[in-house]
Amino acid sequence: MEKKKTEDEVFVCPVGRFFSDLEKASRKKSKFFDHMNLSRVEFLKAIRSLVDERIEDLEKKGSSTREKKATKIKVE
């Protein structure tokens with residue numbers, strides 16, 4: 001019989017964890033942390049642009065495949 005795992009596995013984004021650990025290390029408000037917060041926003045915007053591009057590519061491929069129809073070929 002298999003043993004049941006008693007601990008839940010948790011997966012965390014390494015970039016998010018980096019920012020979180022960095023904030024915990026120093027609670028002081030400084031220009032550094034202002035820049036880090038802005039960079040976090042920019043990072044997420046960059047990810048969003050990649051996702052948007054991928055969606056556009058998939059939509060273009062999907063519309064071109066809908067136009068194609070199968071041709072029946074008679075085999076002797």
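Each label point was placed 7 Å from the Cα along the Cα-to-Cβ direction; for I55 and D21 their separation is 3.3 nm.
So for the stretch 14-66, Kirkwood radius off the Cα pairs, Stokes-Einstein at 20 °C and 1.002 mPa s: how many µm² s⁻¹? Roughly 159 µm²/s, to the nearest whole number. For the peptides 34-44, 10-20, residues were scored by their other Cβ atoms within 10 Å and the scores averaged per peptide; the highest-first order is 34-44, 10-20.
All of the numbers you see were taken from the coordinates with simple rules; none came from a lab. Predicted model only: the values in this text are computed from it and were never measured. Virtual Cβ from ideal backbone geometry, glycine too; neighbours counted across all protein chains shown.
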